[in-house]
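Scroll down for the structure; my scribbles are underneath it.
The values are calculated or read from the model by the stated rules, or taken from the named source; none is laboratory data. The structure displayed is predicted, hence computed values, not measured ones. Cβ atoms come from the backbone with ideal geometry, glycine included; neighbour counts cover every protein chain shown. Heavy atoms of the whole protein, side chains included, go into the accessibility calculation; ligands, DNA and RNA do not. Shrake-Rupley method; radii C 1.70, N 1.55, O 1.52, S 1.80 Å.
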Amino acid sequence: MKNILVVGSTGQIGSELTMKLRREIPQSTVVAGYIPGAEPKGELLESGPSAIADVRDAAGLAEIVTRYKIDTIYNLAALLSAVAERKPLLAWDIQMNGLLNILEIAREKGVAVFTPSSIGSFGPETPHVGTPQDTIQRPRSMYGVTKVATELLSDYYFHKYGVDTRSVRFPGLISYTTLPGGGTTDYAVEVYYSAVKGEEFTCPIAPGTYMDMMYMPDALHAAMMLMEADPSRLKHRNSFNIASMSFEPEQIFAKIREYIPSLQVRYEVDPVRQAIATSWPDSMDDSCAREEWDWKPTFDMDSMTVDMIKNLRLKLGIQ
Ligand code: AKB
């Protein structure tokens, strides 16, 4: 029996994680937390309770935690990397002040907290190939700064107050349910939409730029697996490298063309996203996650591409 609050339940990760938690932990109450303007709809709204949960409103959050006897929070409220460069103060407010509110409530009420970090927590001086679990983290984007601080603050609350904080460094996440919006890795989602719709794709990331990527079902599985992991095995907490595939734009376009040969691409490199992408790892070493909580991905580029195209065709009504 678990009582879970998903903050950011209508976003790219939240919309799928909330449904998976409701399906796979049937005795649980999973509250879909949202902000006004991003209300849950359809199955997300109908399959369980929802509540306004703005991370910047500590009293409002505390009230939800008390009302539903919440024992676990998945804190998914964040501005992604490119949009955080345009709105750095808002990114700080949501990612840092918001996290502090959540951790304080967790400390007072004994709640476990998952707040994802990202490949964005690394920077230009980080070893780019086989990026180790414990290494240099000196990001130059506001998103990256907040992600490193998220890791440190979450570890601080664990060591100082015993709050059960855990997290992973997500790669770029690819999914067909909800669009990401404002990230550096978004191109790897958007190209599937263009391919299925038969539209030319304009790529903002230069050829040859490798980044870690992951299919959403693996990412959701990782988050839930880590929150269920035996704490006595965890040598790390915030945050674990997790990896499943690494590619550069030409490789994902070639893979999609195996199924949709007509895909047309042109490059219009966005200097902001490109600078961020160049500073991020090419491929992370996730051996600590594999050793400490048996992490293992299921999807590779080929199985992801088959599943993405099948589901996008259904979603968009295109055969
Ligand atoms: C982004 O591109 O900002 C995110 C991330 C990798 O954290 N998808």
Relative contact order (percent) for the range 174-252, with alpha-carbon contacts under 8 angstrom and 6 or more residues of separation? 39 percent
For the chain, accessible area per residue (1.4 Å probe, heavy atoms of protein chains only), Å²: 42 Å²
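Chymotrypsin sites (Phe, Trp or Tyr not before Pro), restricted to the range 207-285: which are DSSP loop and have at most 16 other Cβ atoms within 10 Å?
Values: sites: Y210, Y215, F240, F247, F253, Y259, Y267; in loops: Y210, Y259.
Here the sparse-neighbourhood loop sites are Y259.
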Proximal lysine pairs in the chain, meaning Cα under 22 Å and 8 or more positions apart or interchain, come to 21
Can you pull the percent of the range 32-83's accessible area that's carbon plus sulfur, 1.4 Å probe, other chains left in place? 57 percent
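Using a 1.4 Å probe over the heavy atoms of the protein chains, calculate the carbon and sulfur portion of the accessible area of the range 202-319 as a whole percent.
Roughly 53 percent, rounded to a whole number.
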Provide the gained length on full extension for the span L316 to L89, in nm with one decimal, where the gain is 0.36 nm per separating residue minus the Cα-Cα distance. 78.1 nm
Placed amide H near F201: partners under 5 Å, 5+ positions off or other chain: Q264, V265, R266
Calculate the dipole size of the range 61-123 relative to its Cα centre from +1 charges on Lys and Arg beta carbons and -1 charges on Asp and Glu beta carbons; express the result in debye to the nearest 20. 80 debye
Can you run phi through the Karplus equation (6.51, -1.76, 1.60; θ = phi - 60°) for the range 49-57 and list ³J(HN,Hα) in whole Hz, with x for Gly and Pro? x, 9, 7, 5, 9, 8, 4, 7, 10
From DSSP H assignment alone, runs of 4+ in the chain each adding -39500 (n - 2.57), the sum over residues rounded to the nearest 500 puts [θ] at 222 nm at -12500 deg cm²/dmol
Calculate the dipole size of the chain relative to its Cα centre from +1 charges on Lys and Arg beta carbons and -1 charges on Asp and Glu beta carbons; express the result in debye to the nearest 20. 520 debye
Looking at the range 54-153, which GluC sites (Glu not before Pro) are in a loop (DSSP not H, G, I, E or B) and have at most 14 other Cβ atoms within 10 Å? E125
